[in-house]
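Asker: Below is one structure. I have some questions about it.
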Amino acid sequence: MKNKATILLLLSLSIALVAYQSLQSPPAIGALESLSAKESDKTTYPNPAENFPIPATKQIVEQQREIGRLMRENSEIPKLRNEVARLSARIEFAPIKSPAKPELETVEDPFEAAVKDLALRAAELNRHMQNLPNLEIPELQMLEEADWLSAAKGADFDSKEGIRQALSKVRQKAKTQFAELATAALNEYFAATKGGTPTDPSQLLPFFKTPIDASLLQRYQLVPSSTVPGLMETGYLILSEKAPVDREYDTHFYIGKKGVASFAIGPAGSNDPDTTWTTR
């Protein structure tokens, strides 16, 4: 309110100053001087009726008074200008703030929420594996993020048995990735040696199209294809895991020239043809 009153006063003073300055312009002053001169010329002639003023004489007197008033007010112009400048300097303009926009409530998309939750579960599954190094296998290095996400889906982390089952599922995915490369390497070996018989799994290492760590082959041994009758091509040696890492929750992989066979191990039992595998 203080600023508003000051602004109104300033506008009033400015208007008065402009109006007055217009009277002080050369045309206005010239008109007044001309009128004064004419009236003065009229009074230089003898007027027999000077003791009886006529209306023209009254008009001259009024005009002379007006001229005197204007001349007196002329001396107030500098003061008016100073006052206008002083009031202008006192006006404080407060910055105009835009009204704050209400924050929109963000609603998370159900699909995004599910993906985030699954990613958290995959990270938890990975931590369980790191905390149980005796259940790790070298093949795990072949897994990608999607494999961990798939294994974590539906996993039970509320019990030790549930965690072990989830870790077995991770190992199964890793061994499946390795088995595909090992099958191709066996075919490359047999083609290069014209059906030769390897004596050690490490001899297959140069035939992997994708280079692998030698530690992966150290978990396997060469056994006759007859070990799994009806599942492998006869007459060739195949790769078989030497021993499980978890005797209750694991899978036994056999890798041959024309495919892979695997048998699950768990509380429900197993139909693995090698009945001694879980005792190793």
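The values are calculated or read from the model by the stated rules, or taken from the named source; none is laboratory data. These numbers were taken from a predicted model, which means no experiment stands behind them. Glycine also receives a Cβ, built like all others from the backbone with ideal geometry; neighbour counts cover every protein chain displayed.
Asker: Filter region 202-219 down to the residues that are under 19 Å from ARG280 (Cα atoms) and either buried (at least 21 other Cβ atoms within 10 Å of the Cβ) or among the hydrophobic types (A, V, I, L, M, F, W, C) (or both) and list them by number.
Answerer: Here is the first cut: in region 202-219, the ones under 19 Å from ARG280 (Cα atoms) are 216-219.
Result: LEU216, LEU217.
Asker: Count, please, the residues in region 139-196 that happen to be within 37 Å of the chain's Cα centre (by Cα), under 23 Å from SER215 (Cα atoms) and aliphatic (A, V, I, L, M).
Answerer: 6
Asker: Kindly indicate the residue of region 148-195 that is over 17 Å from LEU222 (Cβ atoms) and polar (S, T, N, Q) and also surrounded by the most Cβ atoms within 10 Å (Cβ to Cβ) among those meeting that condition.
Answerer: SER168
Asker: Suppose the filter is outside any helix (DSSP H, G or I) and small (Gly, Ala, Ser); does ALA179 pass it?
Answerer: Details: outside any helix (DSSP H, G or I): no; small (Gly, Ala, Ser): yes.
No.
Asker: Within region 249-272, does at least one residue satisfy the condition of being over 46 Å from the mean Cα position of the chain (by Cα), modelled with pLDDT of 90 or more, closer than 14 Å to GLU139 by Cα and of a type in the set (Asp, Glu)?
Answerer: Checking region 249-272: not a single residue is over 46 Å from the mean Cα position of the chain (by Cα), modelled with pLDDT of 90 or more, closer than 14 Å to GLU139 by Cα and of a type in the set (Asp, Glu).
Asker: Now, a different point. Condition test on SER215, is it part of a helix (DSSP H, G or I) and either basic (Lys, Arg) or farther than 22 Å from VAL170 by Cα (or both)? Break it down stepwise before answering.
Answerer: Numbers: part of a helix (DSSP H, G or I): yes; either basic (Lys, Arg) or farther than 22 Å from VAL170 by Cα (or both): no.
Against the criterion (part of a helix (DSSP H, G or I) and either basic (Lys, Arg) or farther than 22 Å from VAL170 by Cα (or both)), SER215 does not qualify.
Asker: Something else now. State all residues of region 113-144 that are closer than 14 Å to ALA174 by Cβ and loosely packed, with under 11 Cβ neighbours inside 10 Å; if no residue qualifies, say none.
Answerer: GLU144
Asker: List pairs: first residue in region 220-233 and under 14 Å from LEU186 (Cβ atoms), second residue surrounded by 15 or more Cβ atoms within 10 Å (Cβ to Cβ) and among the charged types (D, E, K, R) anywhere in the structure, Cβ distance under 7 angstrom, at least six positions apart or on different chains.
Answerer: TYR220/GLU241; GLU233/LYS257
Asker: From the list ALA166, ALA179, pick out the single residue that is farther than 24 Å from LEU237 by Cα and either modelled with pLDDT of 95 or more or in contact with a helix residue (DSSP H, G or I) (Cβ under 9 Å, 6 or more places away or on another chain) (or both).
Answerer: Numbers: ALA179 fails: farther than 24 Å from LEU237 by Cα.
None of the others qualify; the one that does is ALA166.
Asker: Kindly indicate which of ALA184, ALA174 is out of contact with any Leu (no Cβ under 9 Å at 6 or more places or on another chain) and at pLDDT 95 or above.
Answerer: Details: ALA174 fails: out of contact with any Leu (no Cβ under 9 Å at 6 or more places or on another chain).
Residue meeting the stated conditions: ALA184.
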